[in-house]
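Heads up: the structure comes next, in structure tokens.
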Amino acid sequence: MNKHVKIFAPATVANLSCGFDVLGCCLDNVGDEMIVSLSSEPGVRITKIDGADLPLETHKNVAGVAVEALLKEYKKDIGINIEIYKKIKAGSGIGSSAASSAGAVWAVNHLLNSPFTPQELVAFAMEGEKLASGNAHADNVAPALLGGFTLVRSYTPLDVIKLHAPEDLVMTVIHPQIEVKTADARSVIKQNVDLKKAIQQWGNVGGLVAGLFTEDYQLIGRSLEDVIIEPLRSILIPEFNNVKEAAIQKGALGCGISGSGPSIFALSKGIETANNVAESIKEVYQKTGLDFDIHVSKINKKGIKLIES
Ligand code: ADP
């Protein structure tokens, strides 16, 4: 086989309540695998997709589009073959497309002996996100590439900041197996924001960032509040309010919509609380008769991981 890498491409939770389109964090034990290899035949090819029904055509697959953006800057005619082993369902709200975009550009950069910085890789991976949702957002690809918690301070120019991740934070994520179209999730959002709500929201973003750096878990909890998007979007997610109430009652620091949904995240201090939260939200969902997955994961501070090279 030609020079290749096998990688773990992690799932991510974007927005984190108050940080719509700017905050995100990386999960540790939920993600796809990819095998990316150099080929003597120039061009980018998706040679295999396992576990999901996604397009093999390079220009329709986020991994292909992201790698083409990278190669445009690399300016050498090289060949890349990509195999994707999907474990994160597309449209789940835990960064399925981002895992493929970020994973593909990370792997190619590794194979080329790292000509690009992590920030540059974020920009290439955003081209994949643009294909998936029509919007080149970085709140999933940034944590997938940098690990831990990330803040997109600015989109133009792109300025991504890695935040501190306190050791004891654990995520519980429930993924109801229903489809919430990203277009629908975007269409319920208002384009104008009331100033009073904006003040509350940026206060919370600052509070969350400060809470992460000072490891002040109570401050993190107080700041996990979304007064702008969640009240509008949560109506698309069955049992959202009951899940949130159950999670908080079991000791979660905060609970909100993961990305554009339908997944819901709860952030807790310690694995025991996170497991209790998982149990209580499972009880809520079992009553609905809907299928769902639950993940409990530590924060992945590294991001994409090399499995084999
Ligand atoms: P998520 O929030 O789980 O990332 P998105 O709505 O952002 O879901 O992205 C899923 C969309 O991207 C689907 O329309 C899917 O067909 C498309 N897509 C294209 N290539 C991929 C890929 N390699 N992995 C996941 N989704 C992909």
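Before moving on, here are some points about what is shown:
- Shape category assigned to the stretch 152-284 from the gyration tensor of Cα positions, a/c cut at 1.5: oblate
- Highest-first arrangement of 75-83, 146-154, where packing means the average Cβ count within 10 Å: 146-154, 75-83
- With DNA, RNA and ligands ignored, accessible area of Y155 (1.4 Å probe; Å², nearest 10): 70
- Cα gyration tensor category, rounded, prolate or oblate, for the stretch 268-309 with a/c compared to 1.5: oblate
- Extension gain (nm, one decimal) between N113 and D168, 0.36 nm per residue minus Cα-Cα: 16.4 nm
- Antiparallel beta bridges, as assigned by DSSP with both residues in the chain, represent about 85 percent of the total such bridges.
- Note on W202 and S40: with the Förster distance fixed at 41 Å, the Cβ-Cβ geometry gives a FRET efficiency of about 0.20.
- Annotation: average projected area of the stretch 202-246 is 3.5 square nanometres, based on the convex hull of Cα atoms across all directions.
- Label zone at Q177, where the point sits 7 Å out along the Cα-to-Cβ direction: the stretch 272-309 residues whose backbone N lies under 11 Å: 290-293
- Cα gyration tensor category, rounded, prolate or oblate, for the stretch 133-225 with a/c compared to 1.5: rounded
- Its convex hull of Cα atoms gives the stretch 80-190 a direction-averaged projected area, equal to a quarter of the hull surface, of 8.8 nm².
- Estimated FRET transfer efficiency (S187, D159; beta-carbon r; R0 35 Å; 0.05): 0.75
- The share of Cα pairs per 10 Å bin across the chain, counted from zero up to the longest distance, runs 7, 30, 35, 21, 7, 1 percent.
- Per residue, in Å², the accessible surface of the stretch 227-309 once ligands and nucleic acids are set aside, probe 1.4 Å: 46
- The slack in the chain from A52 to K87, taken as 0.36 nm per residue of separation less the alpha-carbon distance, amounts to 11.8 nm.
- Amide H contacts of D28: K298, N300, each under 5 Å away and 5 or more positions distant or on a separate chain (H built 1.01 Å from N in the peptide plane; Pro and chain starts excluded).
- With R₀ fixed at 30 Å, the C-beta to C-beta distance from S309 to E73 puts the FRET efficiency at about 0.85.
- Helical content alone sets the calculated 222 nm signal of the chain at -11500 deg cm²/dmol, taking -39,500 (n - 2.57) per DSSP H segment of four or more residues and averaging over every residue.
The values are calculated or read from the model by the stated rules, or taken from the named source; none is laboratory data. On a predicted model such as this, the values are computed, not experimentally measured, just so you know. So basically every Cβ, Gly included, is an ideal-geometry build from the backbone, and we count neighbours across all protein chains shown. In case anyone asks, the SASA skips ligands and DNA or RNA and just uses the protein heavy atoms, side chains included. Shrake-Rupley method; radii C 1.70, N 1.55, O 1.52, S 1.80 Å.
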